Amino acid sequence: MSEAEDPPWSVAWTGEQAFRVQPSADFPGKLELDQKQARGVGQPIFAAVHVTRQRRGMVDLLCHVCGEPTAPGDRYIFPTASGGLVTLHDGSQQYGCNVPPMHRACAERARAACPHLSRLAEKPLSCGDDEGRLIERTDVTPGLEAIAAQLPKDAPVVLSCYRLYGDALTRSVLEARAEWEAAARERRGMRP
Ligand SMILES: [Zn+2]
């Protein structure tokens, strides 16, 4: 497999399709879903994130592409391709991201290699010094329906987590999205 086809660290493989429920070390007092780790066995499933690596990436701020730690000065996200606005109790909205951050070089490599990202023509955005607030999810997100149906019903199980970012980064994401939409309109105008 060439480097360009090397799937991101967070992506699940067909050889990893086994799950169990265990007490969570990251969210004490809660249960969490744990997925078998056998990266490289079978085929990568590009549309599926690995449950345990996604959680490790979000909790420890490990790079989505290479799995190594990211430092505050070298931590990036794709603002259009990942995450969305979360409405808080007071009605305000903040940007939430469920894809682990990336090193700048890894983001550029992913952009060149990933058909979805290169079609989006998206620039990576720096998280600056905003680490976001880690939030766990026990509701069923797309792709986890079949697994969730087999889980115990008497206690909530942490299935995934995301980071909720502050006002400044939320503004930067909204600006990047508006800029991207304007560029997309222009591209469409040039090629009707
Ligand atoms: Zn990386």
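The values are calculated or read from the model by the stated rules, or taken from the named source; none is laboratory data. Computed from a predicted model, the values in this text were never measured in an experiment. As a convention, Cβ positions derive from the backbone with ideal geometry for all residues, glycine included, and neighbour counts pool all protein chains shown. For the accessible areas, the whole protein counts, side chains as well, though only heavy atoms, and no ligand, DNA or RNA atoms are used. Shrake-Rupley method; radii C 1.70, N 1.55, O 1.52, S 1.80 Å.
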Within segment 10-49, of all residues that are free of Cβ contacts under 8 Å to residues at least 60 places away in the same chain and within 16 Å of the ligand (Cβ to nearest atom), the one least open to solvent (accessible area, probe 1.4 Å) is Val11
For Pro142, which of the numbered conditions (1) open to solvent by 90 Å² or more (accessible area, probe 1.4 Å); (2) at pLDDT 85 or above; (3) under 16 Å from the mean Cα position of the chain (by Cα) fails to hold? (2)
Before we move on, is Asp60 more than 16 Å from the ligand (Cβ to nearest atom), within 28 Å of Ala25 (Cα to Cα) and open to solvent by 50 Å² or more (accessible area, probe 1.4 Å)? no
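So which residues in segment 102-121 are surrounded by fewer than 18 Cβ atoms within 10 Å (Cβ to Cβ), among the aliphatic types (A, V, I, L, M), more than 10 Å from the ligand (Cβ to nearest atom) and part of a helix (DSSP H, G or I)? Before you say what the answer is, go through the steps one by one.
First, the residues of segment 102-121 that are surrounded by fewer than 18 Cβ atoms within 10 Å (Cβ to Cβ): 104-105, 108, 112-113, 115-116, 118-121.
In the following step, the residues that additionally are among the aliphatic types (A, V, I, L, M) were identified as 105, 112-113, 120-121.
Filter once more, keeping what is more than 10 Å from the ligand (Cβ to nearest atom): 112-113, 120-121.
If the condition is that a residue be surrounded by fewer than 18 Cβ atoms within 10 Å (Cβ to Cβ), among the aliphatic types (A, V, I, L, M), more than 10 Å from the ligand (Cβ to nearest atom) and part of a helix (DSSP H, G or I), then Ala112, Ala113, Leu120 are the ones that fit.
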Residues of segment 63-76 satisfying the condition of being near the ligand (Cβ under 8 Å from one of its atoms) and open to solvent by less than 60 Å² (accessible area, probe 1.4 Å): Cys63, His64, Val65, Cys66, Gly67, Thr70
For segment 133-143, state whether one or more residues are touching a Leu at 6+ places or on another chain (Cβ under 6 Å), within 18 Å of Leu62 (Cβ to Cβ) and in contact (Cβ under 8 Å) with a residue 24 or more places away in the chain. yes
Test Ser126 against the stated conditions and say whether it is closer than 21 Å to Val59 by Cβ, touching a residue at least 40 places away in the same chain (Cβ under 8 Å) and of a type in the set (S, T, N, Q). yes
Go through segment 147-192 residue by residue and tally those that are assigned to a loop (DSSP other than H, G, I, E, B) and loosely packed, with under 13 Cβ neighbours inside 10 Å. 8
